[in-house]
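For reference, the structure discussed in these notes is given below.
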Amino acid sequence: MTRDSQSDEGRTMNYGKEKIRVYRTYATPLEGIETIPESSFDGRPNTLFGMDVRVRVEGEAFLPSFSEGDNSMVVATDSMKNFVHHHVGEYEGATLEGFLEHVGTALLETYEQMESVEISATEIPFEERLVPDEDGFDESELVFGVADGESAYGELVLDSGEDGPVLEDQRSGVTDIELVKVKDNSFTGFVQDEYTTLPERENRTLYVAMDIFWSYADAGAALAPESDQYVPAEQVRDIAQVVFDELDVNSIQDLIYQVGLRVLERFPQLETVGFEANNRTWIGVRDDLEGDAKVLREPDVPTGFQQFSMDRDDLEAETE
Ligand SMILES: O=c1[nH]c(=O)c2[nH]c(=O)[nH]c2[nH]1
């Protein structure tokens with residue numbers, strides 16, 4: 001979160017609950033999503049939706065709980081967990097971000113002593129399992145596998161204003177993307193000096209992990225119930241894999257920049273896109289096999305990482 005966790009006096013004071021894992025069956029389906037060239041994703045039935053939620057609250061009224069052991073204003077974090085559980089059942093929308101706004105608003109409206117709430121959630125992913133039907137195989141409407149792939153992510157900050165809760169900050173994302181490209185990827189031209197032992201690689205097998213985050217020019221667009229401005233995590237994930245497939249890039253730095261440009265191009269409603277990438281590239285053991293075949297092994301620690309954020313000025317600079 002870009003916003004710091006300090007109160008006006010420069011003091012850090014907050015508390016909350018994390019790792020609230022909660023599941024909802026038969027939530028409202030996500031519909032009306034425009035497709036983009038990189039993705040077939042056009043919605044989600046939301047038959048089974050899991051989330052790992054974190055709530056953090058602030059307010060001057062909590063000072064006596066720290067300084068005097070006076071809990072009269074303290075909403076127990078156990079109650080926060082119950083509050084989240086209850087509101088998962090009340091929420092009528094179809095998005096993670098919408099749920100966060102729903103529960104965050106309800107917290108501020110219920111507890112006057114809360115001046116601000118920061119709430120985030122990571123999707124716990126499930127995938128429909130394939131079962132036979134008349135024409136072959138189709139996705140089961142009942143049975144899901146626990147998926148270990150990407151997760152949608154959302155976070156927002158709401159402050160209590162004179163006329164009710166005010167949205168101060170919002171960020172969405174997709175985390176835990178892991179992609180391997182078996183060839184057509186290089187890492188060359190880097191600094192060569194007395195510390196360099198890594199060989200230049202004209203054609204490496206690249207294994208990259210990445211989290212992608214984005215923010216909207218108008219944060220409300222992410223939350224409006226019938227918004228055609230909503231950017232689904234699945235489409236951003238698909239952009240990352242398509243750009244990786246299409247381009248022969250010379251580094252992870254080069255890859256994430258190109259993915260970022262494509263995301264900003266596809267979604268004019270976004271203001272920024274940011275990356276946290278991790279290099280998990282395997283180490284070659286044998287490259288004496290036929291053609292492009294190799295044998296590879298897990299890399300050793302330590303591992304490299306790349307962080308980068310960009311905005312519409314970067315896209316404009318490219319298209320000038
Ligand atoms: O894509 C890469 N970027 C780097 O900065 C780097 N450094 C390194 O050792 N391997 C790689 N790969």
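Brief remarks follow.
- Cα-based Rg of the stretch 15-165 normalised by 2.2 N^0.38 Å, two decimals: 1.27
- Whichever lysines have a C-alpha closer than 17 Å to that of K17, once near sequence neighbours (fewer than 8 apart) are set aside: K81
- The stretch 252-293: GluC sites (Glu not before Pro) falling in loop per DSSP and having at most 12 other Cβ within 10 Å: E290
- The long axis of helix 233-246 is offset from the longest Cα principal axis of the chain by roughly 10 degrees.
- Every Cα-Cα pair of the stretch 101-167 was included, and the share exceeding 20 Å stands at 53 percent.
- Within the assembled protein chains, the solvent-accessible surface assigned to D193 is about 70 Å², based on a 1.4 Å probe.
- Gain upon complete extension [Q253, Q113; 0.36 nm per residue less C-alpha separation]: 45.9 nm
- Heavy-atom accessible area order for L48, L158, largest first, 1.4 Å probe: L48, L158
- Anchor K181: lysines whose Cα lies under 21 Å away (excluding residues fewer than 8 positions away in-chain): K294
- In this calculation the C-beta distance from V166 to D313 is compared with R0 = 35 Å, giving a FRET efficiency of 0.80.
- Surface/4 estimate of mean projected area, convex hull on alpha-carbon atoms of the stretch 39-82, nm²: 5.6 nm²
- Taken over the Cα atoms of the stretch 173-319, the convex hull encloses 132 Å³ per residue.
- The aspartates and glutamates whose alpha-carbon is closer than 16 Å to the alpha-carbon of K19, local same-chain residues fewer than 8 away aside, are D52, D78, E118, E123, E155.
- Counting only alpha carbon atoms, the long axis of helix 252-266 and the longest principal axis of the chain meet at about 60°.
- Among the trypsin sites (Lys or Arg not before Pro) found in the stretch 256-320, those both in a DSSP coil and sparsely packed, with 16 or fewer other Cβ atoms within 10 Å of their Cβ, are R280.
- Where labels lie 7 Å past Cα in the beta-carbon direction, separation of V301 and S40 in nm: 4.0 nm
- For the chain, size of Cβ-based charge dipole, Lys and Arg +1, Asp and Glu -1, in debye: 1100 debye
- Folded to 0 to 90 degrees: helix 96-110 orientation relative to the chain principal axis, Cα: 20 degrees
- Kirkwood Rh, angstrom, the chain [1 / mean 1/r, Cα pairs]: 22.1 Å
- Structure-based [θ]222 nm, the chain - -39500 (n - 2.57) summed over DSSP H runs of at least 4, per residue, nearest 500: -7000 deg cm²/dmol
The values are calculated or read from the model by the stated rules, or taken from the named source; none is laboratory data. Note that this is a predicted model, so its numbers are computed, not measured. Counting neighbours? That spans all protein chains shown, and the Cβs are built from the backbone with ideal geometry, glycine included. We work out accessible area using only protein heavy atoms, side chains counted, and drop any ligands, DNA or RNA first. Shrake-Rupley method; radii C 1.70, N 1.55, O 1.52, S 1.80 Å.
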